[in-house]
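Bear in mind that the values in this text are calculations on the coordinates, not laboratory data. Here the structure is a predicted model, which means the values were calculated and not measured. Cβ coordinates were reconstructed from backbone atoms using ideal geometry, including for glycine residues, and neighbour counts include every protein chain displayed.
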Amino acid sequence: MKPCRAFMAGLLVFLVFIFPVSFGWGLDGHFTICKIAQSRLSRAAADAVQRLLPEYANGELANVCIWADRIKFRYRWSSALHYVNTPESLCTYQYARDCKDENGVEGRCVAGAINNYTSQLLTYKTRSSSSQYNLTEALLFLSHFMGDIHQPLHVGFAEDKGGNTIEVHWYTRKQNLHHIWDSNIIETAEEKFYDSSVNGLIDAIQMNITKEWTDEVEEWVKCNSKTIACTDIYASESIRAACDWAYKGVTEGATLAAKYFSTRVPVVYLRLAQGGVRLAAVLNSIFG
């Protein structure tokens, strides 16, 4: 483990101990998405990202891809921007209906946040010392939220807060359903297949992108609107995956083990791949 990543992992463990909440995708999920994305950047986008990254990132977007989770304890206003809640059992997403916080403020959800930070980063080429935006923070927020919106239970049901209130067991360990999709499936895959290495997981997904999914990648980055980030597509895919895979067959107190893992891990791989490819496409469009 690189020193920078080791430090971040230790800091994250400390924060989780102090603030016991669920994080979107967990450390390795966000690390994977940003690692895939940075490998696909155009020269112009790669240069812009390097200029905007904080020094402690050591040139790696993946090293700070979890930043938005750590900072929400200081930027408490940002907590509502990590997810979007949909009505129980509809299995559909609509921006006008669903993208609002608990107080009903419109646009305060993960889709609205992606649109906002994309717009901020579009000022990069005309930026000045008096710019009203912190473009480094905009980059880190956008990179993180592009990951969150691809986690199926970050577009889950309002009633159970995206699976956070559904208590189950992951093999023998008591856990909530949301955390299983944030972290446990990924961690179990790393343990079973990659000697507990996130790099092994990344290499496997990268290989799938170039071989198994090569004919699909072009479709992943297509938009049916004039916006750079097609959040309606991403969120609609996530709620369908939540209904078809995350929630399906799960009851309070159930034990989720080998069968659940083997049938759901391909969905997690796909969403991580799509998140990374689309983040790269968005950054290439912004900075290209």
Net charge over other residues, Cβ less than 9 angstrom from the Cβ of Ala111 (K, R count +1; D, E count -1): -2
Short version: ³J(HN,Hα) in whole Hz for each residue of region 67-83, in order, from phi by Karplus 6.51 cos²θ - 1.76 cosθ + 1.60 (θ = phi - 60°), x for Gly and Pro, what are they? 3, 5, 6, 5, 7, 5, 7, 9, 8, 4, 4, 7, 4, 6, 8, 8, 7
Scan around Val168 for amide H atoms under 5 Å from its own, H built in the peptide plane at 1.01 Å from N, and keep only partners 5 or more places away or cross-chain. Gln175, Asn176, Leu177, Gly253
Whose amide H sits under 5 Å from the amide H of Gln151, counting only residues 5 or more places off or on another chain, with H placed in the peptide plane? none
For region 101-230, what class follows from the C-alpha gyration tensor (a ≥ b ≥ c being the square roots of its eigenvalues): rounded when a/c is under 1.5, otherwise prolate if a/b is larger than b/c, else oblate? oblate
Multiply the residue separation of Leu122 and Thr136 by 0.36 nm, subtract the distance between their alpha-carbon atoms, and state the gained length in nm to one decimal. 3.8 nm
Going by a ≥ b ≥ c, the root eigenvalues of the Cα gyration tensor, does region 111-172 fall in the rounded group (a/c under 1.5), the prolate group (a/b larger than b/c) or the oblate group? prolate
Long-range amide H partners of Thr86 with built H, under 5 Å: Gly156, Phe157, Ala158
Report the gain in length on full extension from Glu212 to Lys226: 0.36 nm times residue separation, minus Cα-Cα distance, nm rounded to one decimal. 2.1 nm
Towards the positive end of the charge dipole of region 3-287, with charges on Cβ (+1 Lys, Arg; -1 Asp, Glu), say which of Gly253, Val265, Thr227 has the farthest Cα. Thr227
If a/c stays under 1.5 just call it rounded; otherwise compare a/b with b/c (prolate if a/b is bigger, oblate if not). Do that for region 170-257, with a ≥ b ≥ c from the square roots of the Cα gyration tensor eigenvalues. oblate
With Cα atoms, 0 to 90° folded angle of helix 110-121 axis to the chain main axis: 20
What's the ranking of 96-108, 25-37, 171-183 by average number of surrounding C-beta atoms within 10 Å, highest first? 25-37, 171-183, 96-108
Evaluate E = 1/(1 + (r/R0)^6) for Ser197 and Thr263, where r is the Cβ-Cβ distance and R0 equals 30 Å; express this FRET efficiency to the nearest 0.05. 0.80
Note, region 243-249: 3J(HN,Hα) by Karplus (6.51, -1.76, 1.60, θ = phi - 60°), whole Hz, Gly/Pro = x, goes 5, 6, 10, 5, 7, 4, x
Computed over region 3-287: relative contact order in percent, which uses C-alpha pairs under 8 Å that are six or more apart: 28
Show that you can apply the helix-only estimate: for the chain, add -39,500 (n - 2.57) for every DSSP H stretch of four or more residues, divide by all residues, and state [θ] at 222 nm to the nearest 500. -15000 deg cm²/dmol
Please compute the net charge surrounding Gly288, taking Lys and Arg as +1 and Asp and Glu as -1 over other residues with Cβ under 13 Å from its Cβ. +2
Out of Asn224, Asn184, Asn63, a Gaussian network model of the chain with alpha-carbon springs under 10 Å gives the largest mean-square fluctuation to Asn224
